[in-house]
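Everything on this sheet refers to the single structure shown next.
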Amino acid sequence: MTRCMLKKFLLLLVVVVVYVFVLFVFTISVAGASTCRSSKVKHQFDVQQGYPHGRKGYVVDHICALAQGGIDAPTNMQYQTLTDSKAKDKIENTRLGRAIYCTSFNSTPLRQVYNCN
């Protein structure tokens, strides 16, 4: 193995280790987030957005649906008009919807879905 190849390998190894560490830390930070809908979390989102009493004409939508493993946290919420919400509802619980809306930042690490009933 040449010196140049060794440097590239070590750099790649460092990048992978940093990536795994960041993923691990993020996983721990969202592990406590509930995957069931919470009125307290919705209120927290409303307050963060500057609408402590809700936003008239809009609904709070989970970007990655809870049924697809989305977390119930303000980082996974957005305001949508009722029309936009109905359009998104048609595809969000399909494989395509999961691919479009769910990321490692707004869903459980393994896209786990829990029974909230």
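When 8, 40 are checked against the criterion of being outside the structural domain of residue 106 (by TED's automatic domain parsing) and at pLDDT 80 or above, a single residue qualifies: 8. In the set (1) surrounded by 14 or more Cβ atoms within 10 Å (Cβ to Cβ); (2) among the hydroxyl-bearing types (Ser, Thr, Tyr); (3) at pLDDT below 85, residue 58 fails one condition alone, (3). Of the residues making up the range 69-99, those that are part of a helix (DSSP H, G or I) and over 23 Å from residue 48 (Cβ atoms) are 83, 86, 87, 89, 90, 91, 95, 96, 97, 98, 99. Within the range 43-61, residues that are closer than 12 Å to residue 77 by Cα reach partners that are of a type in the set (Lys, Arg) with beta carbons closer than 7 Å, at six or more positions or on different chains, in the pairs 60/42; 61/88.
The values are calculated or read from the model by the stated rules, or taken from the named source; none is laboratory data. Since the model is a prediction, treat every value here as computed from it, not as a measurement. Because the Cβ atoms are built from the backbone with ideal geometry, glycine has one as well, and the counts that use them run over all protein chains shown.
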